[in-house]
Number of protein chains: 2
Amino acid sequence: MNLTPAEENYLKGIYSLGVSRNGDISTNELAALLQTKPASVTDMLKKLAKKGMITYVKYQGVSVTTAGKKKALEITRRRKLWEVFLVEKLRLQWDELTELSDALEHVSSPLLLQRLDEYLGYPKFDPFGDPIPNEHGEMSENPRVAILDLSVEQSGKIIGVNDNSSSFLKYLDKAGIYIGAKILVLDKVDFDGSMELLIDNKRRQFISKEVAANILSMVY
Amino acid sequence: MNLTPAEENYLKGIYSLGVSRNGDISTNELAALLQTKPASVTDMLKKLAKKGMITYVKYQGVSVTTAGKKKALEITRRRKLWEVFLVEKLRLQWDELTELSDALEHVSSPLLLQRLDEYLGYPKFDPFGDPIPNEHGEMSENPRVAILDLSVEQSGKIIGVNDNSSSFLKYLDKAGIYIGAKILVLDKVDFDGSMELLIDNKRRQFISKEVAANILSMVY
DNA sequence: GTTTATTTTTAGGTATGACTAAAATATATT
DNA sequence: AATATATTTTAGTCATACCTAAAAATAAAC
Ligand SMILES: [Mn+2]
Ligand SMILES: [Mn+2]
Ligand SMILES: [Mn+2]
Ligand SMILES: [Mn+2]
């Protein structure tokens with residue numbers, strides 16, 4: 001069954017709310033996530049149910065079917081592969097991705113996806129460190145770890161932050177730390193938990209324990 | 001003024017029909033090109049006229065305004081840059097492009113376009129040998145030439161054909177001649193106009209005068 | 001210059017995907 | 001258990017982008 005871009009957006013939302021939860025998804029939750037009104041959500045739930053993508057009983061919430069989960073993973077795969085392309089090849093930044101991948105995730109051609117995957121070297125994680133489903137919907141474990149937990153001599157790639165405040169992001173910018181940067185732990189100070197990093201094989205940077213706890217990385 | 005994807009498709013159609021013609025474009029022509037009905041075209045012409053993209057007088061045909069031309073060239077630029085990406089980077093073939101570029105041409109972000117252009121090495125021609133407008137809408141001259149007109153020792157890239165019959169395309173396939181192939185003219189026979197080519201620096205291939213007249217190339 | 005044929009427009013309708021306001025249902029509170 | 005509150009659905013509307021059928025305008029034939 002083929003879905004419109006709007007239907008894909010809703011299905012993706014239902015799936016993503018569902019993964020970290022036992023029970024069903026509520027209409028209001030979905031409306032908040034998708035920035036629409038509850039009445040619009042109800043309309044769409046009927047369509048998705050008719051297409052066999054979700055299980056929906058009036059007033060009782062919603063969850064994805066097996067077919068819906070498969071489709072949601074496919075959309076997610078498309079999105080994340082484009083995100084890898086945008087970051088790795090076009091050098092776009094974290095905050096420049098959302099709008100573009102919201103559009104590109106709906107460009108669906110099996111051949112294109114297969115070639116893009118090959119071209120990118122079959123990446124297993126998106127630029128945020130989240131796993132990319134393969135053609136069968138299978139994903140690797142997420143090795144995301146705060147750099148505070150890295151040992152001396154370990155290296156990794158910056159994939160995200162726990163703190164999105166502009167003061168923190170501004171500090172990171174000043175310190176030369178950005179999404180995608182390669183880091184190597186040169187030293188850890190027992191006394192205060194501070195660390196010395198080597199960024200992109202050239203810049204040395206000291207960071208406090210507080211900062212290190214708020215930067216996430218993928219270990220190589 | 002911002003356009004919807006449908007409006008962009010119509011504008012592109014009006015512009016492309018207009019370039020190789022003095023007079024105005026007719027409703028029926030556009031309907032045929034866009035595979036819609038004349039009544040739908042009329043609806044859209046009103047919208048595009050209101051948005052200042054075209055000059056439209058009832059029953060009198062339509063032409064693009066200065067603003068419309070600028071927008072049409074921008075859409076064309078987006079499309080052709082994506083086409084270069086699909087062919088050069090993802091190795092898609094001629095006939096696999098249309099559907100994808102029809103969708104990708106509407107993904108419009110100045111930053112994305114700028115980065116894509118840079119990433120592709122600021123290409124001046126699309127995979128078919130047609131010029132790509134730059135950010136200002138300016139284009140290079142099209143150096144498309146039948147390989148029959150190449151001299152011995154000249155080399156170029158195959159960019160199209162004059163004959164789309166399946167018998168011809170089948171022959172080309174058998175002869176190892178495809179869109180994007182690099183060719184070098186090894187010999188030309190005065191007697192019958194036949195040629196010997198070197199394809200991709202490895203394969204030697206004889207072709208008749210008739211075949212050579214129907215293959216288009218870009219000279220390096 | 002009428003008549004005929006073709007082109008183009010209008011009128012009115014459908015499907016999608018939004019919305020507001022009101023009704024229905026479910027959940028909390030006392 | 002009754003009432004109040006919050007959630008969800010329905011009813012009805014709107015814009016976009018299509019469509020068919022009929023009317024209007026233009027172009028071609030006689
Ligand atoms: Mn989307
Ligand atoms: Mn298009
Ligand atoms: Mn109408
Ligand atoms: Mn309704």
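Output yes when any residue across segment A:66-85 is out of contact with any Ser or Thr (no Cβ under 8 Å at 6 or more places or on another chain), among the hydroxyl-bearing types (Ser, Thr, Tyr) and within 14 Å of chain B (Cβ to nearest Cβ), and no when none is.
no
For segment B:92-101, what are the residues that are more than 12 Å from ligand 2 (Cβ to nearest atom), part of a helix (DSSP H, G or I) and within 7 Å of chain A (Cβ to nearest Cβ)?
Result: B:96, single match.
From the set of residues in segment A:102-116 that are among the polar types (S, T, N, Q) and within 18 Å of residue A:4 (Cβ to Cβ), which is farthest from the other protein chains (Cβ to nearest Cβ)? Let's see the steps before the verdict.
Keep residues of segment A:102-116 that are among the polar types (S, T, N, Q), which gives A:108-109, A:114.
If we keep only those that are within 18 Å of residue A:4 (Cβ to Cβ) too, we end up with A:108-109.
Details: A:108: 9, A:109: 6 Å.
Here the residue is A:108.
Inspect segment B:118-125 for any residue being within 26 Å of residue B:75 (Cβ to Cβ) and part of a helix (DSSP H, G or I) and give the result as yes or no.
Here is the first cut: in segment B:118-125, the residues within 26 Å of residue B:75 (Cβ to Cβ) are B:118-125.
This time we only want the ones that are part of a helix (DSSP H, G or I), so: B:118-119.
For segment B:118-125, residues within 26 Å of residue B:75 (Cβ to Cβ) and part of a helix (DSSP H, G or I): present.
Do you know which of the residues in segment A:44-68 that are surrounded by fewer than 12 Cβ atoms within 10 Å (Cβ to Cβ) and over 13 Å from residue A:3 (Cβ atoms) is farthest from DNA strand D (Cβ to nearest atom)?
Filtering segment A:44-68 down to residues surrounded by fewer than 12 Cβ atoms within 10 Å (Cβ to Cβ) leaves A:50, A:57-60, A:66.
Subsequent filtering for residues that are over 13 Å from residue A:3 (Cβ atoms) retains A:57-60, A:66.
Details: A:57: 7, A:58: 4, A:59: 5, A:60: 7, A:66: 21 Å.
Taking the candidates together, the pick is A:66.
Which of the numbered conditions does residue A:82 fail, given that it passes all the others? Conditions: (1) aromatic (Phe, Trp, Tyr); (2) part of a helix (DSSP H, G or I); (3) in contact with a strand residue (DSSP E or B) (Cβ under 9 Å, 6 or more places away or on another chain).
(3)
Taking segment A:95-122 on its own, how many of its residues are touching a helix residue (DSSP H, G or I) at 6+ places or on another chain (Cβ under 8 Å) and surrounded by 15 or more Cβ atoms within 10 Å (Cβ to Cβ)?
Within segment A:95-122, residues that are touching a helix residue (DSSP H, G or I) at 6+ places or on another chain (Cβ under 8 Å) and surrounded by 15 or more Cβ atoms within 10 Å (Cβ to Cβ) number 16.
Of (1) within 20 Å of the chain's Cα centre (by Cα); (2) assigned to a loop (DSSP other than H, G, I, E, B), residue A:71 satisfies all except one. Which?
Among (1) within 20 Å of the chain's Cα centre (by Cα); (2) assigned to a loop (DSSP other than H, G, I, E, B), the lone unmet condition for residue A:71 is (2).
Quick one: count up the residues across segment A:69-79 that are buried (at least 20 other Cβ atoms within 10 Å of the Cβ) and either on the phi > 0 side of the Ramachandran plot or away from ligand 1 (no atom under 16 Å from the Cβ) (or both).
Qualifying residue count for the region: 0.
Read-outs: derived from the displayed coordinates by stated rules, not from any lab. The shown structure was predicted, so the numbers you read here are calculated from the model rather than taken from an experiment. With ideal geometry, Cβ positions are generated from the backbone for all residues, glycine too; neighbour counts draw on all protein chains shown.
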